[in-house]
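Heads up: the structure comes next, in structure tokens.
The values are calculated or read from the model by the stated rules, or taken from the named source; none is laboratory data. Predicted, not measured: the structure shown is a model, and the values here were computed from it. All Cβ positions, even for glycine, are placed from backbone atoms using ideal geometry, and neighbour counts span all protein chains on display. For the accessible areas, the whole protein counts, side chains as well, though only heavy atoms, and no ligand, DNA or RNA atoms are used. Shrake-Rupley method; radii C 1.70, N 1.55, O 1.52, S 1.80 Å.
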Amino acid sequence: MLLIHCPYCEEDRPEVEFANGGQAHIARPADPSAYSDPQWEEFLYIRRNPRGRHHERWRHVHGCGRFFNAVRDTVSDRFETTYKAGEPAR
Amino acid sequence: MLEIAPMKLSAADLALPAEALVADGVQLALADDYARFSLRARDAAILEGLLGRKLPAKIGETLDGVACLGPDEWLALLPAGTALPLGEGLPVSVTDISSRALGFVVEGPRAVELITSGCPLDVAKFPIGRGTRTVFETVEIVVWRTAEARFHIEVWRSFAPWLWHALAAAA
Ligand SMILES: [Zn+2]
């Protein structure tokens, strides 16, 4: 079973305790009312789908409950690193 | 304040056997009634001041019937009937969840084997007193090692019959 390091629990935990939360580091619009339709489309729906290194949100849903960020290789499924939400991208 | 009568749970309500299941090397039983509270606070010191008790600081640790489940979340399993101050006006949340879950006690030399039949954590390596949220197959549980050969398992009441039968089958 794949083990994922939870930066809050500070230990490796089994994959089945986690849920993927999609692409990480998507900033909310600072002024939503000024957003045009294409900008909303970009913000809401357009996501990267890289082959290789990918920044993702994960949630330790059946553990501490926290969202955190991870860098995962989409080819090998290897987690390069995980870090707490709010920290800069690695 | 709105008074809500506590829901009384019995084994029969959940189609659970009232008797403990005794198998070779392991026993599975319903735990006693508890007053259960979900405690939330970003600043644990405010919660500790309100409750007048120390809280475990690290995720997975337990202290006097309280387990630290997350960075701002604790589960309190206190003697039935215990009331806690709700902390109105403070940046904390104290919620009575007594009827949300019920407890199983798994005890005996095969207790670890029974739990690992469906739980992916290495519970054999848990020190006594470690408690954490995890899963049994796909059902969310809290596993708490209360003695060398005894574990307390918290499970939401709607999943309890399934978990009982899964553990009984493994026993
Ligand atoms: Zn965690």
So if I check each of B:Phe104, B:Phe151, which one is in contact with a helix residue (DSSP H, G or I) (Cβ under 6 Å, 6 or more places away or on another chain) and crowded, with 19+ Cβ neighbours inside 10 Å? B:Phe151
Pair list, Cβ < 9 Å and 6+ apart or interchain, from the stretch B:107-123 residues that are in a loop (DSSP other than H, G, I, E, B) to residues that are among the hydroxyl-bearing types (Ser, Thr, Tyr): B:Cys119/B:Thr134; B:Pro120/B:Thr134; B:Leu121/B:Thr132; B:Leu121/B:Thr134; B:Asp122/B:Thr116
Tell me which residues, restricted to the stretch B:107-133, are farther than 21 Å from B:Trp156 by Cβ and open to solvent by less than 30 Å² (accessible area, probe 1.4 Å). B:Gly108, B:Ala111, B:Phe126, B:Gly129
Filter the stretch A:8-40 down to the residues that are more than 10 Å from chain B (Cβ to nearest Cβ) and part of a loop (DSSP other than H, G, I, E, B) and list them by number. A:Phe18, A:Ala24, A:His25, A:Ile26, A:Ala27, A:Arg28, A:Pro29, A:Ala30, A:Asp31, A:Tyr35, A:Ser36
Of all residues in the stretch B:33-55, which are closer than 15 Å to A:Tyr8 by Cβ and either open to solvent by 70 Å² or more (accessible area, probe 1.4 Å) or within 13 Å of chain A (Cβ to nearest Cβ) (or both)? B:Arg40, B:Arg42
Quick one: in the stretch A:16-41, of everything that is within 23 Å of the chain's Cα centre (by Cα) and acidic (Asp, Glu), which residue is least open to solvent (accessible area, probe 1.4 Å)? A:Glu17
Please determine, by comparing only the residues of the stretch A:63-80 that are crowded, with 17+ Cβ neighbours inside 10 Å and within 9 Å of the ligand (Cβ to nearest atom), which one is nearest to the chain's Cα centre (by Cα). A:Phe68
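Filter the stretch A:42-62 down to residues that are assigned to a strand (DSSP E or B) and either more than 16 Å from the ligand (Cβ to nearest atom) or open to solvent by 40 Å² or more (accessible area, probe 1.4 Å) (or both), then give me how many there are.
Within the stretch A:42-62, the first condition is being assigned to a strand (DSSP E or B), and the residues that meet it are A:53-59.
Restricting the remaining residues to those that are either more than 16 Å from the ligand (Cβ to nearest atom) or open to solvent by 40 Å² or more (accessible area, probe 1.4 Å) (or both) gives A:53-55, A:57, A:59.
Looking only at that region, the number is 5.
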Taking the conditions exactly as written (more than 14 Å from chain B (Cβ to nearest Cβ), within 17 Å of the chain's Cα centre (by Cα) and modelled with pLDDT of 95 or more), does A:Ile4 satisfy them or not? no
